[in-house]
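Note sheet for the following structure.
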Amino acid sequence: MSLSKTRDLMRVAKFGGTSLASAKNIKKAAELLSTDYKRQYIIVSAPGKRNKNDIKITDMLYTAYDSQGDVRQKNLDLIKQRFYDIATGLNITLDLEGIFQDITESFGNNLGRDYAASRGEYIMGLIFSRLIGYEFIDASMVIHFAPDGSFDSEKTNEKLKEALEKVPLAVIPGFYGSMPNNTIKTFSRGGSDITGALVARAVNADVYENFTDVDGFMMADPKIVNDPSVIDQVTYDQLRALSYMGATVLHEDSIYPVRFQGIPINIRNTFNYDDPGTLIVSKSEGKPPVITGIAGKKDFSTVIINKNMSSIGISDFYKTATEVFFENGIPVEHIPGGIDSIGFIVSTHYLGPRRRDLLQGLCKRLDPEYVVIEDHLALIALVGDGVLENGSDTAEILRELFVSGINAEIIIKPPHQKCIIIGIRDHDYEKAITELYGSASRINQSR
């Protein structure tokens, strides 16, 4: 599917917080719908920042819920004023006094932080539905979680289909749903992306559009690389890898509901509508670049365990070592290993408070020759259909890192994934991203 054809297809559209931060921005979002009847279902986030010094509505709601008495009421009044400004600027009549009276009472009844956080999307959904004349559907009626708090995919799909078959045009708040006891439950931050994907799946949309404040998915972090290229097309698998490694334009879990139905995701800029953005597809069309994107994270640690030759066999050694990590609640990112040693790459955040217990557990269960923990590691992923297909490309990338004074301490090729992960010191992270972007751009242009 080409980007130029997406406008002729039935679409589900999700608008992010920046797109809905003010009455002016919301009018721009509404304009995109006024002349396009094929955007039938709209998912909205809570209003985001109006400027770099502003506070997102969701964060304001968390703060209000965590406060008490007059401080809580003052915080709620600030939130209410934000919505009054929006509604007034749009000439929308809404009983905000009644809504905030209900919120105040619910806060007093301790309905939970998830309920508090969800009210931004809820109110924005009411406002936007009135503005564009679509029906409002409360997400708590169609997005469902199981008793243990896990997402109930099948029930959600069933309820969404049932509701949307009867409603040709609807606005649905993102980010939240309901538990079996009717209390509110939210996805993780950025979860409105997931709601949009779930709606797209339920109505079998031709395209799921995700409107934000950038022209698409960047090849590298624009906070590090000056004016990086926008990726025209990326596969679900590539995007999953980039999102997992820190690229944040789209919530990584929003990919699952649409990928198996082959529904493309189109990342678009609300404020630059003529730009086609980035199209996320099952399989690349045409000749894809060698390297599609670069993303990474800092603050990892490596735990290196060397086997004592007189201790347990190698298979039991691997199994037991892994068990010790999970018993201590430390998620493992990667497990590079050798003949008589094994390395675990973990987030330093999770390792920190459990470091002593982990070391004691490893020594007690394994009786190793030694255990070494090294902190301040960064991981950078180079993702693309052509990654590692040509050994000279990999050699060139690593050579340029070395020439710039950066040592690649770890190189990982995950199985069945078209990416390579390079481990470097934290202090070299920004420089490495810049060098890798330059190398990738030159390689792509030469092919």
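Observations on the model:
- Contour excess over end-to-end distance, with Cα ends at Thr248 and Lys74 and 0.36 nm allotted per residue: 59.4 nm
- Potential extension, Asp59-Asp85 segment - 0.36 nm per residue separation minus Cα distance: 7.5 nm
- Computed lengthening from Ile373 to Gln261, 0.36 nm per intervening residue step minus Cα-Cα distance: 36.0 nm
- Charge context of Ile339, other residues only, Cβ under 14 angstrom, K/R +1, D/E -1: -1
- Calculated [222 nm] ellipticity per residue, helices only, for the chain: -12000 deg cm²/dmol; basis is -39500 (n - 2.57) per DSSP H run with n ≥ 4, divided by all residues, nearest 500.
- In degrees, nearest ten, helix 314-327 long axis to first principal axis of the chain (Cα): 40
- Annotation: peptides 153-161, 231-239, 41-49, ranked by per-residue average of other Cβ atoms within 10 Å with the highest first, follow the order 41-49, 231-239, 153-161.
- Amide proton proximity set for Ile143, modelled H, under 5 Å, gap of 5+: Ser178
- Percent carbon-and-sulfur accessible area, the range 352-412, ignoring ligands, DNA and RNA, probe 1.4 Å: 51
- Legend: calculated FRET efficiency, Ser315 to Gln360, from the Cβ-Cβ distance at R0 = 35 Å, rounded to 0.05, equals 0.90.
- Rolling a 1.4 Å probe over the protein heavy atoms gives the chain an accessible area of 46 Å² per residue.
- Taking label points 7 Å from Cα along the Cα-to-Cβ direction, Leu94 and Ile339 give a separation of 6.7 nm.
- The fraction of accessible area contributed by carbon and sulfur in the range 152-311 is 47 percent, rounded to a whole number (1.4 Å probe; ligands and nucleic acids excluded).
- The accessible area of Val230, taken with all protein chains in place and a 1.4 Å probe, comes to roughly 50 Å².
- Exceedance of the 23 Å cut-off in Cα-Cα distance is limited, within the set Lys223/Lys418; Lys298/Lys319; Lys14/Lys418; Lys28/Lys56; Lys223/Lys431; Lys14/Lys49, to Lys223/Lys418; Lys298/Lys319; Lys14/Lys418.
- Within the range 237-262, backbone nitrogen closer than 15 Å to the virtual label 7 Å beyond the Cα of Ser284 toward Cβ: 237-242
- Global form of the range 221-377, assessed from the alpha-carbon gyration tensor, a/c cut-off 1.5: prolate
- Prolate/oblate/rounded call for the range 100-176, Cα gyration tensor, a/c under 1.5 rounded: oblate
- The DSSP beta bridges internal to the chain are antiparallel in roughly 60% of cases.
- Anisotropy class of the range 164-224 from Cα gyration tensor, a/c 1.5 cut: oblate
The values are calculated or read from the model by the stated rules, or taken from the named source; none is laboratory data. Treat the numbers as computed from the prediction; the structure is a model and nothing was measured. Ideal geometry is used to build each Cβ from the backbone, glycine not excepted, and the neighbour counts take in all protein chains shown. Heavy atoms of the whole protein, side chains included, go into the accessibility calculation; ligands, DNA and RNA do not. Shrake-Rupley method; radii C 1.70, N 1.55, O 1.52, S 1.80 Å.
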